[in-house]
Amino acid sequence: MNSFTTAVVLLISGMIATSAEAVPIGKTAEWDAPMGKVTFDGKLHADKGLKCLDCHSKIFKMKKGSTEMKMVNINAGKFCGECHNGKKAFETSNPANCVRCHKK
């Protein structure tokens with residue numbers, strides 16, 4: 001398995017058993033993932049011009065804990081991958097970007 005494929009597999013694994021949480025501007029949400037804790041910063045996204053309804057409920061359900069990202073290939077444009085595709089925001093398929101969200 002080449003390093004790119006390994007990174008993609010690890011990234012997908014990182015999404016297993018995690019859920020999205022609605023986060024007000026200025027607040028963060030954290031959840032544990034196999035590749036390391038993920039922190040979503042509402043202010044960081046708002047500072048980029050995004051509004052809550054840009055993602056909720058188009059991409060993520062509104063109710064806390066209701067969106068399960070099991071075995072989801074975000075590199076195919078699902079969930080975070082809708083924007084983190086290398087065009088709107090940094091691409092999730094680049095293994096160098098894993099540490100931007102996943103902290104060990």
| query | If each of LYS64 and ARG100 carries a label point 7 Å out from its Cα toward its Cβ, how far apart are those two points in nm? | reply | 2.8 nm
| How far apart, in nm, are the 7 Å Cα→Cβ label points at GLU91 and LEU53? | 3.2 nm
| query | Can you list the lysines whose alpha carbon is less than 27 Å from that of LYS51, not counting same-chain residues fewer than 8 positions off? | reply | LYS27, LYS37, LYS43, LYS61, LYS63, LYS64, LYS70, LYS78, LYS87, LYS88, LYS103
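Each reported figure results from applying straightforward, stated rules to the coordinates on display, with no laboratory input. Remember, predicted model here, so these are calculated numbers, not experimental data. A quick note on method: Cβ atoms are made from the backbone with ideal geometry, for glycine too, and the neighbour counts reach across all protein chains shown.
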